[in-house]
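Values quoted throughout were computed directly from the atomic coordinates according to the rules given, and no laboratory measurement underlies them. Computed from a predicted model, the values in this text were never measured in an experiment. Cβ atoms come from the backbone with ideal geometry, glycine included; neighbour counts cover every protein chain shown.
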Amino acid sequence: MDIKTVAERPRIELACVLFVLLASLLLHTWLPMRHPPLVVSDFLGVTSFAADIAAHGPFVQGWYWTLFSAGTSTILAIPMAFSSADDLLVASTATAVVVSLLPVVPLVVLRGVLPLWTRLLAAGLIMLLPATTVFAGVVAQDNWVLLPALALACLATKNAYGRGRGRPVAAAVLWCLSLYIRQEMLVALLPLAILAAWPFTGYPKARPLLVLASVSVVLMIGIAGQRYIASGDFSLNSRHGGAALLGSYIPGASFGWLPYDAYIERRAPELAGDKEALREQAGRFALEEIRARPGFHLVRRAGAVLETATTRDGTLQFWAFGADDTFGKSRGPAEREAAARIGALTSAPVLYSTLLLHVLFLVAVYVGLRSRDPAIIAIALAIALKVGIHFVVAVQARFFLVVFVFEALAISLAVYRVAGFGRDRFRGLPLVALAATAVLWVAVSNLGRLEAWIQQADQEWESGALRHYHVQVGGAVADCQLVGGRVLSSGATGYAFAVENPDPDPGESAELRCKLRQSGEGSIRLAIEVEDSYAPGDLPDRMIQVVEVNGITVRRHDISAEAWSGWWSHEIPLQTGKEEEVRVRVEGLRPDKGPGWGDAARTTIRFVPSSG
C-alpha cells in the first residue's frame, strides 16, 4: 500500500461518516417534520415525565414511576430545560435525531476490525430499515434504547473480532444506560455486555469481568436510587409488570393486550378499585390463566410475537400517522387524510422488508454457527432473550425495533464471514434461505386464520368462565356455578341469569349453585338477595324463583302472581369450618308462548352482610 493511499484513508472515512450522517438525518427527520406524530398515550406520559423533570429536577414525584423507566425522560429533560420551544416538538425532534445517529455507530466503533465496505453495508442496512424510518419521530423508549444497545453490540463485535482484552467500563455504561431506558434490557443485553468485556488476550482473565460487574452495580444503584428518592421504591424496574402480564392473558386478549377491569370485577371483585393491591395480585391471576390453558396460551403468544415482530399489526403506522383524537389532540381533516395516506403507503414496504430482514437474519445465524462467530452468536442470543421476554409478557411492534437493528448488524457480519471464508464453506446457504422463507411465509399467511380460531376459543372459554361467580362479602366467600340457562351480567354488585329460551317450555330451568363458607373465625350472618324485576301481577304459575339451603326449600316466589317488583332476601348463618350449599333456581311452570317469560323472569342475586 503506497503512502498516498494511507494518508487519504482518514479523509475517506470522514467523508463516509459525514455522508451517512447527513443522509440519515434527512431520511429520519423528513417524515416527522412533514407529518408530525401526535404525542399520545404512553408517549405523552414519557414526554410529560421529561417536562416535569426539566422543571423540578430528576427526583420529581408523580405517577410516572409506576409505569416508566426514567432514562428517556431524564435525558429528554436536558434539551427541554435549555429550549424555549414547545416540549412536544423538542421531544419528537430529539427522538428523530437520536434515531438518525444509528448508522454512524458501526462506521465509527468497528473501525480497525472490519473493512470499510462491511461497515458501510451495516450502516446502509440500519439506515434504510423502513420500520425505524416510519417510527423515527415517535417519542418512545423503544427509539431511545436503540443507540446504546447498538453501540454495545458493536463494542462486543469489536472486542470479539479484534481479540481484545475487553472493554468492561464502556460495556457496563452502555448496558446500564440501555437498562435505564428500558428495564428488560438488563436481561436481553447480558450476552453482549459479557462479550464486550470478555478478555480474549491478557491476564488475569477474571479482572475485566469483575470490573464489568462492579461498575454495573454502582450504576444500577444510581438508577435505583433515583427511583427511591422520587417514589420510595428502591428498584430497577417499574411496578406495572404484573398488570402488563395480566392484560396479555385474560380471555379476549387475542394477539394484543386488554384492560382487565371487567375481568377483575368478575374474578376478584374485592380488588376492584384498589390499584395497589391489584398490582401485587395481577401476576398471580395471570399465572392462573396460564395454568388453566397452557397449550392455548403457547400457541396464542407465538402468534402474537409473529404478528408484531413482522409489523403485521400495523401499530408502527398507527402511532406515527394514525393516532388521532386522543387525549385532546387531533389533526385537521386535510392533515388527517395525508397522514392516513402515508400510513397506507408505508404498510407494505415495512411488512415485506421486515420479513426479508428476518429471513436474512436466519441465514446469518447459520453462517455464525458454521463459522463459530462469537459476535453473531451473541447478537442472536440477545435477540432470543428480547423476543422471549415479550413472548411471555406483552408485545407490540415497537418493542422489536432493537431486534431489527441487531439483525441488520448480524447480516452485515455474516456477509463479511462468507466473503472471507468463501462460499464453499457455506454450501447450505440457499437451502437455509429457502426453508426460512417458506416457513415464515406460511406462518404469516395463516395468522388471520389463527387469530380467528383464538378469538372463537376465547369466546367459548369466557362463556364458560362467566358461568362461575366468585364473590367475597365481609368475612364470607361464595363460589357459584350456573347450571343451564344463560348469563346476563356478572360483577361485584350482582349476578344475573335467565333460562335459555326467551319463550321457555314448562319445566325449563336455570340454577345457580353456590357454596358459602366463612373466611375467618367465629360466626356471621349472610343474606342472599334475589330480585323480581317483573312488576305486573294477576298472572300466576308462569315462572317461579326458588331458593334452597342445604337441600331444603326456604323460599318459593311466583314472579307474576302479584303486582310487585323488587328484592327479597333470606338470611344464612355461617360458622367456621362449615360450608353451606345454596341453590337459586328460576323455572317455568306454565309459561305462555309469545310474551317472553324467559326474559321476564330475569333473576339477579347478590350476597350482603346481615345484622341478624
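Among 158, 593, which comes first, then next, by fewest other beta-carbon atoms within 10 Å?
Working: 158 20, 593 9.
Starting with the residue having the fewest Cβ neighbours, the order is 593, 158.
Beyond 11 Å, what percent of the Cα pairs of the range 168-208 remain?
Numbers: 502 of 820 pairs.
Across the range 168-208, Cα pairs with separations above 11 Å total 61 percent.
The range 233-294 to the range 382-439: how many Å between their Cα centroids?
Here the answer is 33 Å between Cα centres.
When a/c is below 1.5 the answer is rounded, else prolate if a/b is larger than b/c, else oblate, so apply that to the range 121-178 with a ≥ b ≥ c taken from the square roots of the Cα gyration tensor eigenvalues. Working shown, then result.
Details: a/c = 5.66, a/b = 1.59, b/c = 3.56.
It is oblate, given that a/c is not under 1.5 and a/b is not larger than b/c.
How far is the Cα center of the range 453-471 from the Cα center of the range 29-104, in Å?
Comparing the Cα centres of the range 453-471 and the range 29-104, I get a distance of 41 Å.
Rg to Rh ratio, the range 10-114, alpha-carbon atoms and Kirkwood radius?
On the way: Rg = 16.7 Å, Rh = 15.5 Å.
Checking Rg against Rh, the ratio lands at 1.08.
Using the Karplus curve 6.51 cos²θ - 1.76 cosθ + 1.60 with θ = phi - 60°, work out ³J(HN,Hα) for each residue of the range 560-565 in order, rounded to whole Hz, and write x for Gly and Pro.
10, 6, 10, 6, 6, 9
When the dipole is taken about the Cα centre of the chain, and only Lys, Arg (+1) and Asp, Glu (-1) are charged at their Cβ, what size is it in debye, to the nearest 20?
Numbers: 54 positive and 53 negative charges, 780 e Å.
With only Lys, Arg, Asp and Glu charged at Cβ, the dipole is about 3740 debye.
Can you bin every Cα-Cα distance in the range 315-426 into 5 Å intervals starting at zero and give me the percent of pairs per bin, rounded to whole numbers?
In whole percents, the pair-distance histogram is 2, 11, 17, 16, 14, 12, 10, 8, 5, 3, 2, 1, 0.
Can you pull out the cysteines in the chain that have no other Cys Cβ under 4.7 Å?
Taking the Cβ cut-off of 4.7 Å, the unpaired cysteines of the chain are 16, 154, 176.
For the range 13-447, state what percent of all Cα-Cα pairs lands in each successive 20 Å bin, counting from 0 Å until the bin that includes the largest distance.
24, 59, 17, 0
So which aspartates and glutamates can residue 578 reach, going by Cα to Cα under 12 Å and dropping same-chain residues fewer than 8 places off?
Counting by Cα, and skipping residues close in sequence, residue 578 has these aspartates and glutamates nearby: 521.
Cα centroids of the range 149-204 and the range 518-554: how far apart, whole angstrom?
Measuring centre to centre over Cα atoms gives 68 Å.
Just rank 127, 33, fewest to most, by other beta-carbon atoms within 10 angstrom.
Working: 127 21, 33 11.
Least crowded to most crowded, the residues run 33, 127.
Using the Kirkwood radius over Cα pairs, work out the Stokes-Einstein diffusion coefficient for the range 470-609 at 25 °C and 0.890 mPa s, in µm²/s as a whole number.
Numbers: Rh = 15.3 Å.
Result for D is 161 µm²/s.
Mind sorting 569, 519, 216 by how few other Cβ atoms lie within 10 Å of their own Cβ, fewest first? Before the final figure, lay out the partial values.
Values: 569 16, 519 13, 216 21.
Arranged by neighbour count, lowest to highest, 569, 519, 216 become 519, 569, 216.
Could you work out the relative contact order of the chain, using alpha carbon pairs under 8 angstrom and six or more residues apart, expressed as a whole percent?
On the way: 1079 pairs, mean separation 73.4, N = 612.
Relative contact order of the chain: 12 percent.
What residue among 123, 382, 253 has its Cα farthest toward the positive end of the dipole of the chain, where the charges are +1 on Lys, Arg and -1 on Asp, Glu, each on the Cβ?
123
Return the ratio Rg/(2.2 N^0.38 Å) for the range 531-571, where Rg is computed over Cα atoms only.
On the way: Rg = 10.8 Å, N = 41, 2.2 N^0.38 = 9.0 Å.
So the range 531-571 has a normalised radius of gyration of 1.20.
Rg over Rh of the range 250-317, using C-alpha atoms and the Kirkwood radius, what does it come to?
Working: Rg = 14.0 Å, Rh = 13.5 Å.
Here the Rg-to-Rh quotient is 1.04.
Go through 346-353, 217-224 and give me the packing order, highest mean Cβ count within 10 Å leading. Each step should come with its number before you reach the end.
Numbers: 346-353: 16.8, 217-224: 14.8.
The most tightly packed comes first, giving 346-353, 217-224.
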